[in-house]
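J.: Below: one structure in structure tokens.
Every read-out reported here was derived from the displayed coordinates using simple, explicitly stated rules and does not represent laboratory data. Because the structure is predicted, anything quoted here is derived from the model rather than measured. Cβ: placed from backbone, ideal geometry, glycine included. Neighbour counts: every protein chain shown.
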Amino acid sequence: MRYRVLCVAAVLAAVALVSSPASAAVLLYSFENPPVNPDGFGPNGGGVTVSQDTIGATNGTKSLKVSLVTPATFVGALTGVVPLALNDPPGVLSILADMTVTNPIFTGGFALVGVTMFGASQPGPGQQFGLQAQFADFEHIDGKAAGTYTVQFDLSSATHPLTLQAGQSFDQIFGQVGSGPNHLIPTGFQLFINKSGDQPLTVYFDNIRAINTPEPTSAIAGLAGLAGLIVSRRRRQSA
């Protein structure tokens, strides 16, 4: 009877181990380095300025200030610094960012923030650079009061730049060298802003982090440990 209970408990633990996502987020950008292009971020598009600031710092003492003066469409802050956590594997489920606004954001128009990943095709004939996958999970920030918010961008729905197939996840689009002919190699990361109207808009970003999928080796190791526990228990009972 005890053996059966142990088996049931082990199976339930194994299911939880394999199916549960990683609980901790991985820090990507904190903007604590010198103020010239913090973490490699610079403006991407006309009418945009990017600089280091102290307002809105939630991890350390520095933040990234992104200001738009003119109407803008999908422009913002772009960097060619791609941390290891943005490679595949381990894969990325979503991006979290702390966003601060010091003045109420205008109403009567729209203002969106989102994430774009840039990449290059795998080395070989027909190599293409500067391909981008703009994930559809952008967040509305129009009408928000002054304050600090945590925004989450799920990297689960984008059009593949090579196959043009819609609804592709980060893992289906990006990979490492040799992971497949349709996998782009990550080359850039962008926090984009899309707004209407002529009103200026300034946003402060900090503590950019990724929620990653659990590493398969961890799950396998856990299952092996559970199997060993069951076998050891059964042997002691048979002795």
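J.: Between Asn182 and Thr61, what is the label-to-label distance in nm when each label sits 7 Å out along the Cα-to-Cβ direction?
T.: 4.9 nm
J.: Rounded to the nearest 0.05, what FRET efficiency do Gln127 and Asn103 give with R0 = 35 Å and r taken as the Cβ-Cβ distance? Could you check?
T.: The formula returns an efficiency of 0.20 here.
J.: Can I ask one more? According to a simple spin-label model (label point 7 Å from Cα along Cα-to-Cβ), what is the distance in nm between Thr150 and Thr49?
T.: 3.2 nm
J.: Turning to a different aspect of this structure: Calculate the FRET efficiency for His140 and Ala24 from the Cβ-Cβ distance with a Förster distance of 41 Å, rounded to the nearest 0.05.
T.: 0.90
J.: Moving on to the next point. First check a/c for the range 37-158, with a ≥ b ≥ c the square roots of the eigenvalues of its C-alpha gyration tensor; if it is under 1.5, answer rounded, and if not, answer prolate when a/b is larger than b/c or oblate otherwise.
T.: Prolate shape, in that a/c is at least 1.5 and a/b is the bigger ratio.
J.: Going by average Cβ density within 10 Å per residue, which order do the peptides 176-186, 153-163, 120-130, 91-101 take, highest to lowest?
T.: 91-101, 153-163, 176-186, 120-130
J.: Give me the distance in nm between label points sitting 7 Å out from Cα along the Cα-to-Cβ direction at Leu84 and Ser157, one decimal.
T.: Each label point is offset 7 Å from its Cα along the Cβ direction, giving 3.3 nm.
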